[in-house]
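Enquirer: Got a structure here, written out as structure tokens. Questions coming.
The values are calculated or read from the model by the stated rules, or taken from the named source; none is laboratory data. Everything quoted here is computed from the prediction, not taken from an experiment. Every residue, glycine as well, gets a Cβ built from its backbone with ideal geometry; the counts of neighbours run over all protein chains shown.
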Ligand SMILES: Cc1cc2nc3c(=O)[nH]c(=O)nc-3n(C[C@H](O)[C@H](O)[C@H](O)COP(=O)(O)O)c2cc1C
Ligand code: SF4
Ligand code: FES
């Protein structure tokens, strides 16, 4: 069995409650940090651990913390990003729902290190019942002296508040999140200034993902150096992966980074393989925004090296033949999947979620959705395929926030790897018009027959 | 003053109870002095729950007055976020996820089935005002697809039979969106 750091006690009955969590070693990291370490010591351990942000971008957490402006006389804030809206991603929900105290514990230690006295958990508004779970955990922690004034006699004060969002994917982007937390529309801000200098209420702010902040707990308990020994290369530690799609055992798994992708998808310890009688067609390994990989390129890189679940291995080959670990939203699709329909669906999502501030994103996602809709429904032409690639190129890199890129990458990669299937939609409109999925399994065979 | 909404039903007087007003004050106290506008989203959720599941203009104006901000500041926020309903909705609002992973696991068929069963389309409300249907984007339940949110909770691994049961049970008079129904 692989090592578990976050979900180690997930099956202990009653682990949701403070008492059981505490009896199983919970809140030790708070005692250790507040009684024996300075805020900078905590940051040093996080740096040594090699922890990289678990929200999607994989930016080193210790380095991010070191950018926080500690010289200004303004208050400093830590904001926990629990917006979790990237299609395919449902790992933070699992953690907060079933072992909420690990997040609260991580927030206390991290807030201490960063000097935040009011820390906000910005949670997507739809997770309504989890708001109750978190508020209950916060009340329990406070009742037991781990929150409030003068925590454990250290002189450090902290309150944690839960803030619900309103149903907008863009509010997962850290500056949009800050705007939303200030009671405004979720329009991302121009950077610089970065939140580390001017974030919430124009004060120095760090925004980190739920899983990132929970991981601070094992890092402080075992020490950064020990943590860094787990994993592979610059992908240290463990990672939660939410797996969905056409597999036998979808769900949330904690893996040691560096696990072979084959083992993750096909072993019984994890996803249990593709559903019976079907074969893998494609994988989107890190949430809807990352490039799609056809089965061959998922299992092995173009050079024939078996891929691992790590930041580096999944991105091997760059955008031409690789993808990204992203948020850990792992979507597997079998041969019944229509790639054109998948892309149309994703693109509709991005169009719907574009905040509308930049024209390339606002207009471009809408055009791509329209073109994909007509291709999917059998009204497309060959030139539409290149048109899509062209629009995607014009969005990429030309927008205020990365949502534009997130919308462009799937378009480029779906077409790069599955161009034939798009062409099939143009050549055989009658086959795709009324049965969105029926043709997917054998379009290649049919295509060959007709071409001969 | 009671106001008539477009459904012809009368919306109860727009004022939070004493208990809810206390909650509003508690929420405002979470933010620094002068930053009470931060309370806008939490209070809009509270208002939507309290005043029949949607935000009418008088309700939004009331929220503005509580936070001491201009009504336009509330409108621009309420129109940005998809969770806020700007039209009346039925007593039981079923919000189906329609995004990729759910779509690959029969979401379209379940939505179709429910539309036919209730005789309404997504975006509509049954004439008896019991049900409304809404299609939303990924709700973070992709591994348990297809799924829908109803009130506070998620209903996952949906099938046609499960939808039948949901409609029978949640269509009853005593439906409370804050309850979890075991289906
Ligand atoms: C469109 C968009 C959506 C995002 N959604 C999320 C999200 O739901 N959760 C999250 O943690 N980070 C999300 N991010 C990344 C955040 O901007 C930010 O990088 C992250 O919260 C930093 O935390 P980390 O360093 O701990 O990963 C999103 C970014 C973009 C551009
Ligand atoms: S890229 Fe899209 S979502 Fe991001 S700021 Fe521009 S319009 Fe808004
Ligand atoms: S795609 Fe439906 S919950 Fe994520």
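Enquirer: Find the residue count for segment B:139-166, including only residues that are touching a helix residue (DSSP H, G or I) at 6+ places or on another chain (Cβ under 7 Å) and either more than 21 Å from residue A:126 (Cβ to Cβ) or assigned to a loop (DSSP other than H, G, I, E, B) (or both).
Expert: Residues that pass the stated criteria total 9.
Enquirer: Can you tell me which residues in segment B:74-117 are in contact with a helix residue (DSSP H, G or I) (Cβ under 7 Å, 6 or more places away or on another chain) and assigned to a helix (DSSP H, G or I)?
Expert: B:74, B:75, B:77, B:78, B:100, B:101, B:102, B:103, B:110, B:113, B:114, B:117
Enquirer: Name the residue that is farthest from residue A:254 (Cα to Cα), counting only residues in segment A:77-126 that are away from ligand 3 (no atom under 16 Å from the Cβ) and within 9 Å of chain B (Cβ to nearest Cβ).
Expert: Among those residues, the one meeting the criterion is A:118.
Enquirer: Could you say whether any residue in segment A:280-290 is assigned to a loop (DSSP other than H, G, I, E, B) and more than 16 Å from ligand 1 (Cβ to nearest atom)?
Expert: No, there is no match, as no residue in segment A:280-290 is assigned to a loop (DSSP other than H, G, I, E, B) and more than 16 Å from ligand 1 (Cβ to nearest atom).
Enquirer: Which numbered condition in (1) modelled with pLDDT of 95 or more; (2) away from ligand 1 (no atom under 13 Å from the Cβ); (3) under 28 Å from residue B:140 (Cα atoms) is the only one that residue A:393 fails?
Expert: (3)
Enquirer: Then there is this: Here are A:159, A:135, A:140: which of them is away from ligand 1 (no atom under 16 Å from the Cβ), surrounded by fewer than 19 Cβ atoms within 10 Å (Cβ to Cβ) and part of a helix (DSSP H, G or I)?
Expert: One residue alone meets the criteria, A:135.
Enquirer: With the structure loaded, tell me whether residue A:179 is touching a strand residue (DSSP E or B) at 6+ places or on another chain (Cβ under 7 Å) and assigned to a helix (DSSP H, G or I) or whether it fails that test.
Expert: Spelling it out, it is not the case that residue A:179 is touching a strand residue (DSSP E or B) at 6+ places or on another chain (Cβ under 7 Å) and assigned to a helix (DSSP H, G or I).
Enquirer: Can you tell me which condition residue A:177 does not meet? The list is (1) within 16 Å of ligand 2 (Cβ to nearest atom); (2) crowded, with 20+ Cβ neighbours inside 10 Å; (3) more than 16 Å from the chain's Cα centre (by Cα), and all the others hold.
Expert: Of the numbered conditions (1) within 16 Å of ligand 2 (Cβ to nearest atom); (2) crowded, with 20+ Cβ neighbours inside 10 Å; (3) more than 16 Å from the chain's Cα centre (by Cα), the odd one out for residue A:177 is (3).
Enquirer: Say whether the condition of being in a helix (DSSP H, G or I) and within 14 Å of chain B (Cβ to nearest Cβ) is met by at least one residue in segment A:208-229.
Expert: Taking every residue of segment A:208-229 in turn, at least one turns out to be in a helix (DSSP H, G or I) and within 14 Å of chain B (Cβ to nearest Cβ).
Residue by residue, here is whether (1) closer than 28 Å to residue A:171 by Cα; (2) in contact (Cβ under 8 Å) with a residue 12 or more places away in the chain; (3) away from chain A (no Cβ under 14 Å) holds:
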site	(1), (2), (3)
B:115	no, yes, yes
B:126	no, yes, yes
B:140	yes, no, no
B:151	yes, yes, no
B:168	no, no, yes
B:176	no, yes, no
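Enquirer: Also, I was wondering about something else. May I ask you to say which residue of A:288, A:323 is within 14 Å of chain B (Cβ to nearest Cβ), under 27 Å from residue A:52 (Cβ atoms) and crowded, with 24+ Cβ neighbours inside 10 Å?
Expert: From the options A:288, A:323, the qualifying one is A:288.
Enquirer: If residue A:43 meets every condition in (1) touching a helix residue (DSSP H, G or I) at 6+ places or on another chain (Cβ under 6 Å); (2) assigned to a loop (DSSP other than H, G, I, E, B); (3) touching a residue at least 24 places away in the same chain (Cβ under 8 Å) apart from one, which number is that one?
Expert: (2)
Enquirer: Now, a different point. Could you say whether any residue in segment A:56-72 is under 21 Å from residue A:178 (Cα atoms), surrounded by 24 or more Cβ atoms within 10 Å (Cβ to Cβ) and within 16 Å of ligand 3 (Cβ to nearest atom)?
Expert: Within segment A:56-72, one or more residues are under 21 Å from residue A:178 (Cα atoms), surrounded by 24 or more Cβ atoms within 10 Å (Cβ to Cβ) and within 16 Å of ligand 3 (Cβ to nearest atom).
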